[in-house]
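Novice: After the structure tokens below, expect a handful of questions from me.
The values are calculated or read from the model by the stated rules, or taken from the named source; none is laboratory data. A quick note: this is a predicted structure, and the numbers were derived from the prediction, not measured. Glycine also receives a Cβ, built like all others from the backbone with ideal geometry; neighbour counts cover every protein chain displayed. Calculation scope for accessible area: heavy atoms of the full protein, side chains included, ligands and nucleic acids excluded. Shrake-Rupley method; radii C 1.70, N 1.55, O 1.52, S 1.80 Å.
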Amino acid sequence: MAKHTIVLIPGDGIGPEVSDATRRVLEAAGLQVEWVELPAGQAALDQGHDNVLPQRTLAAIQAHKVALKGPVTTPVGKGFKSVNVQLRKSLNLYAAVRPVRSLEGVKTRYNNVNIVIVRENTEGLYSGIENEVVPGVVTSLKVATEVACTRISRFAFRYATRRHHKKITVFHKANIMKMTDGLFLNSSRKIHEDEYPNIDYDEVIIDAGCMKIVQDPTRLDILLMENLYGDLVSDLCAGLVGGLGVVPGSNIGDDAAVFEAVHGSAPDLAGKNQANPLALIMSGVMMLEHIHEDAVAQRVQKAYDAVLADGKVMTRDLGGTAGTSEFADAIIARMK
């Protein structure tokens, strides 16, 4: 009997291929699971649904609390809201967590990078409140609430404690946005002082912080920031270790969590067995840790680390010739 019930959203483009590879790897590692496979994105429209996030898909995540999502496409210019935006708002997935670490066998300009970006996921400029004041003049409202700022700060410090991280650095622009970013800083300071004084704490203006990242990313640990900053910095940090194809992603709330590959659906590669499934497999490891399957997670991580370090079976984006299924097979073989 399955120990876990997990919603699987294969997505579209390369999504079904990388999702299938990930499912095979997780099951080979010992995950006892019943997958509830449901559509989102272009695949949902192709199946006759009138929204890129069907209600039954959303309801299943609400019921089972955990989902693994492949890349999805939201059609441009057709009035559909992003699948990710709908998920975050409907499920109150307020924390985006993006671990970024150097991988042996993936050559970049940097070594020994190990950073986690914790991003507030529900407000800021991404609240989408825009108005035309008079013709030719528009405003965009940046929203910050004490509830959301405190919630994400507490999440970051709790994450640091549970994962044995030593330091949290808040990126901000409170020198200019004294009220919104100031509220974020005050909330973070209070959580640090009142609840987690054991964690080292620092604050850096974001432009100086970006410079520090490219100068020496090994000096940074957990980066905590509001929505827009987190979106930009998480992709910047991904570039340090090889790009979006080698980093996992997650959106976490109090009642549900969605783990996903953050790269695109690459429809031009669909069906060609050329896509790299690593990002979704890594997201699967984050999911395993979330559901307290730590031993299974370590088995998967050690296996793909070994495959990458060996360098004999690499997908095209990593300089090799292996296909999606062959790369998954190599990981599975390392677990035997």
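Novice: Just give me the residues in the stretch 82-136 being of a type in the set (Val, Ile, Thr) and either within 19 Å of the chain's Cα centre (by Cα) or open to solvent by less than 10 Å² (accessible area, probe 1.4 Å) (or both), in sequence order. Working first, answer last.
Specialist: To start, the set of residues in the stretch 82-136 that are of a type in the set (Val, Ile, Thr) comprises 83, 85, 97, 100, 106, 108, 113, 115-118, 122, 129, 133-134.
Result: 83, 85, 97, 100, 113, 115, 116, 117, 118, 122.
Novice: Suppose the filter is under 22 Å from the mean Cα position of the chain (by Cα) and in a loop (DSSP other than H, G, I, E, B); does residue 11 pass it? Give the derivation first.
Specialist: On the way: under 22 Å from the mean Cα position of the chain (by Cα): yes; in a loop (DSSP other than H, G, I, E, B): yes.
In short, yes.
Novice: Kindly list, by first and then second residue, each pair from a residue in the stretch 296-313 that is among the aromatic types (Phe, Trp, Tyr) to a residue that is modelled with pLDDT of 95 or more, limited to pairs with Cβ atoms under 6 Å and residues at least 6 apart or on different chains.
Specialist: These pairs meet every condition: 304/331.
Novice: Surrounded by 17 or more Cβ atoms within 10 Å (Cβ to Cβ), modelled with pLDDT of 95 or more and closer than 19 Å to residue 299 by Cβ - does that describe any residue in the stretch 9-19?
Specialist: So far as the stretch 9-19 goes, no, none of its residues is surrounded by 17 or more Cβ atoms within 10 Å (Cβ to Cβ), modelled with pLDDT of 95 or more and closer than 19 Å to residue 299 by Cβ.
Novice: Right, here's the next one. Search the stretch 247-281 for residues being over 11 Å from residue 96 (Cα atoms) and of a type in the set (Asp, Glu), and hand back the single one that is surrounded by the fewest Cβ atoms within 10 Å (Cβ to Cβ).
Specialist: Here the answer is 268.
Novice: Residues to consider are 243, 284; find the one that is within 19 Å of the chain's Cα centre (by Cα) and open to solvent by 10 Å² or more (accessible area, probe 1.4 Å). Working first, answer last.
Specialist: Details: 284 fails: open to solvent by 10 Å² or more (accessible area, probe 1.4 Å).
Of 243, 284, the one residue that is within 19 Å of the chain's Cα centre (by Cα) and open to solvent by 10 Å² or more (accessible area, probe 1.4 Å) is 243.
Novice: For a quick check of your reading of the model, give me the residue pairs whose first member lies in the stretch 149-172 and is buried (at least 21 other Cβ atoms within 10 Å of the Cβ), whose second is of a type in the set (Phe, Trp, Tyr), with beta-carbon atoms closer than 6 Å and at least 6 apart or on different chains.
Specialist: 149/184; 157/196; 168/201; 171/229
Novice: Which number in (1) at pLDDT 95 or above; (2) assigned to a helix (DSSP H, G or I) marks the one condition that residue 44 misses?
Specialist: Only one criterion in (1) at pLDDT 95 or above; (2) assigned to a helix (DSSP H, G or I) is unmet by residue 44, namely (1).
Novice: Looking at this structure, is residue 222 surrounded by fewer than 22 Cβ atoms within 10 Å (Cβ to Cβ) and of a type in the set (A, V, I, L, M, F, W, C)?
Specialist: Values: surrounded by fewer than 22 Cβ atoms within 10 Å (Cβ to Cβ): no; of a type in the set (A, V, I, L, M, F, W, C): yes.
So residue 222 fails the test.
Novice: Test residue 31 against the criterion of being under 15 Å from residue 282 (Cα atoms), part of a helix (DSSP H, G or I) and at pLDDT 95 or above, and give yes or no. Outline the logic, then answer.
Specialist: Details: under 15 Å from residue 282 (Cα atoms): yes; part of a helix (DSSP H, G or I): no; at pLDDT 95 or above: yes.
Here the answer is no, as residue 31 does not meet what is asked.
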